[in-house]
Amino acid sequence: MSLLEIQNLSKTYPGAEGKPVQAVSDVSLSVEPGEVVGIVGESGCGKSTLGRSLLRLIQPSGGRILFEGKDITDLSRHQLKTFRRDMQIVFQDPFGSLNPRHTVGTIISEPLKVHGIGTREKQKARVDELLSIVGLPEDAASRYPHKFSGGQRQRIAIARALALEPKLLVADEAVSALDVSIQSQIINLIADLQKRLSLAILFISHDLSVIRHVSDRIAVMYLGRIVEIGPAEEIMNAPKHPYTQALISAIPRPNVPRAERVVLKGELPDPSDPPTGCAFHARCPKVMEICKTKRPELIKRATGGGQRETACHLYEAA
Ligand code: SF4
C-alpha cells in the first residue's frame, strides 16, 4: 500500500469574467513510505496547488486523496486532525511562516501542544532534541525569529514540521527564497533527515537542479498536468518530453556551450484559456500537426524505463 495516493486530482478556481482557472487537472501520483518525489515545473504550473490540495490546506475540486489507504478527500477539519500529525509542510518563505511574537521554543512546541502530546518538560526536551536535529544551538529556543538568518529560520520551520514525527513532508519551494550557498545546506539537511527518519517527501521546486539532488522519482508538471514522471536518474539522463528536455537544458553546465542549449520560448499559457491539444505546443521545438488538436495522454512508453510515463505524441507509435 502506498503512503499517499492521489487519484485524478483537480483544482479549479473561479477566474476573471467567470472563466474557471484550472490550476490542477487530473493528476494521479503515489508516494511510497520513505520515498522522495520531486515535483518540478515553471511558476504557475500548479505544483504548489497540488501540494496544498493533497494536504487538504485547500479543498480539491475533484479526485481522491488516499493516505495509508484511507480516503481523506472529504474529511471534516476535526476528522483531519489525526492525519495532520502524519503530513506536514515547510513553506517557501522562512520570514512569513514563523510568528515574530513567539520564541522559537514556543513555535516548535506548538504542534505538540495542539495535539496534547507530552508534559511541559517532555515538550521542552523534544524542542531541544529537534533543535539539535536541525543543527541549531539549544539556546535558540529562548530567542525570537528575527534574530536568525533566512537559512536558520528555515531550519526552525523544519524542526516545527518534524515535531510530530510525520510520515510525509511536503517541502513547497522550501529553499527558493534562500541564497544559493544556504540552499545547499538546507537541501543537505533535508536529505540527511529523510535518511535518518525514513521520511517520505514531496519536494516541490521550479528548479530542476535542486530537485535532482534529493529525489528518487521526478514528476514534471506543465499547466496543471504531469507531462512526464519516472525515476530521477532516467529523467535527468534521458528526458523524453520536450518540456523536460528544455528544463534540463537550462541547467548551466560548464562543458555545454550556451548555444547548444534548448531555449524555452514564450511563457506558460493562461490557465483560464488553455491551448487546444498539447498545452505545450506553442513552445515546443518538435511540434507536429496532431499536437495542436489532440491532447496526449500520460501513458507508459515502451521507449522509456521501467516506470517512465510521458504525455507526448512523439512516442505514440513507440
Ligand atoms: Fe511537443 Fe507535440 Fe509532444 Fe506536445 S505532444 S510535447 S507539442 S511533440
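The values are calculated or read from the model by the stated rules, or taken from the named source; none is laboratory data. Bear in mind the structure is a predicted one, so any value in this text is a computation, not a measurement. Counting neighbours? That spans all protein chains shown, and the Cβs are built from the backbone with ideal geometry, glycine included. When the accessible area is computed, the model is the full protein with side chains, heavy atoms only, and any ligands, DNA or RNA have been set aside. Shrake-Rupley method; radii C 1.70, N 1.55, O 1.52, S 1.80 Å.
Within the stretch 169-179, can you find the residues that are within 19 Å of the chain's Cα centre (by Cα) and either open to solvent by 10 Å² or more (accessible area, probe 1.4 Å) or free of Cβ contacts under 8 Å to residues at least 24 places away in the same chain (or both)?
Answer for the stretch 169-179, where residues must be within 19 Å of the chain's Cα centre (by Cα) and either open to solvent by 10 Å² or more (accessible area, probe 1.4 Å) or free of Cβ contacts under 8 Å to residues at least 24 places away in the same chain (or both): 173, 176, 177, 178.
Just to be sure I understand, how many residues within the stretch 195-223 are open to solvent by 30 Å² or more (accessible area, probe 1.4 Å) and part of a helix (DSSP H, G or I)?
Residues flagged as open to solvent by 30 Å² or more (accessible area, probe 1.4 Å) and part of a helix (DSSP H, G or I) within the stretch 195-223 amount to 6.
Would you say residue 102 is surrounded by fewer than 19 Cβ atoms within 10 Å (Cβ to Cβ) and at pLDDT below 95? Write out each step before concluding.
Details: surrounded by fewer than 19 Cβ atoms within 10 Å (Cβ to Cβ): yes; at pLDDT below 95: no.
Spelling it out, it is not the case that residue 102 is surrounded by fewer than 19 Cβ atoms within 10 Å (Cβ to Cβ) and at pLDDT below 95.
Quick check on this structure: which one of 56, 52 is at positive phi, in the same structural domain as residue 173 (by TED's automatic domain parsing), of a type outside the set (Val, Ile, Thr) and not in a strand (DSSP E or B)? Explain how you work it out, then say what you get.
Working: 52 fails: at positive phi.
So the residue among 56, 52 that is at positive phi, in the same structural domain as residue 173 (by TED's automatic domain parsing), of a type outside the set (Val, Ile, Thr) and not in a strand (DSSP E or B) is 56.
Does residue 261 satisfy being charged (D, E, K, R), more than 16 Å from the ligand (Cβ to nearest atom) and open to solvent by less than 60 Å² (accessible area, probe 1.4 Å)?
The answer is yes for residue 261.
State yes or no: is residue 115 surrounded by fewer than 21 Cβ atoms within 10 Å (Cβ to Cβ) and within 28 Å of residue 6 (Cβ to Cβ)?
So residue 115 fits the description; yes.
Which one of these does residue 108 not meet: (1) surrounded by 17 or more Cβ atoms within 10 Å (Cβ to Cβ); (2) among the β-branched types (Val, Ile, Thr); (3) without any contact (Cβ under 8 Å) to a residue 40 or more places away in the chain?
Among (1) surrounded by 17 or more Cβ atoms within 10 Å (Cβ to Cβ); (2) among the β-branched types (Val, Ile, Thr); (3) without any contact (Cβ under 8 Å) to a residue 40 or more places away in the chain, residue 108 violates only (3).
Taking the stretch 265-296 as the search range and keeping residues that are at pLDDT below 95 and exposed (fewer than 12 other Cβ atoms within 10 Å of the Cβ), which one is nearest to the ligand (Cβ to nearest atom)?
Taking the candidates together, the pick is 285.
Is it true that some residue in the stretch 60-74 is surrounded by 15 or more Cβ atoms within 10 Å (Cβ to Cβ), without any contact (Cβ under 8 Å) to a residue 24 or more places away in the chain and under 20 Å from residue 33 (Cβ atoms)? Spell out how you get there, then give the answer.
Residues of the stretch 60-74 surrounded by 15 or more Cβ atoms within 10 Å (Cβ to Cβ): 60-61, 63-68, 72-73.
Then drop every residue that is not without any contact (Cβ under 8 Å) to a residue 24 or more places away in the chain, which leaves 72-73.
Among the residues that remain, those that are also under 20 Å from residue 33 (Cβ atoms) are: 72.
Checking the stretch 60-74: at least one residue is surrounded by 15 or more Cβ atoms within 10 Å (Cβ to Cβ), without any contact (Cβ under 8 Å) to a residue 24 or more places away in the chain and under 20 Å from residue 33 (Cβ atoms).
In the stretch 38-56, is there at least one residue being touching a helix residue (DSSP H, G or I) at 6+ places or on another chain (Cβ under 7 Å), aliphatic (A, V, I, L, M) and surrounded by fewer than 23 Cβ atoms within 10 Å (Cβ to Cβ)?
Looking for residues that are touching a helix residue (DSSP H, G or I) at 6+ places or on another chain (Cβ under 7 Å), aliphatic (A, V, I, L, M) and surrounded by fewer than 23 Cβ atoms within 10 Å (Cβ to Cβ), one finds none in the stretch 38-56, hence no.
Can residue 226 be described as part of a strand (DSSP E or B), open to solvent by less than 60 Å² (accessible area, probe 1.4 Å), of a type in the set (Val, Ile, Thr) and at pLDDT 90 or above?
yes
Is there a residue in the stretch 146-168 that is surrounded by fewer than 19 Cβ atoms within 10 Å (Cβ to Cβ) and without any contact (Cβ under 8 Å) to a residue 12 or more places away in the chain?
yes
With the structure loaded, tell me whether residue 89 is open to solvent by less than 50 Å² (accessible area, probe 1.4 Å), part of a strand (DSSP E or B) and at pLDDT below 95 or whether it fails that test.
So residue 89 fits the description; yes.
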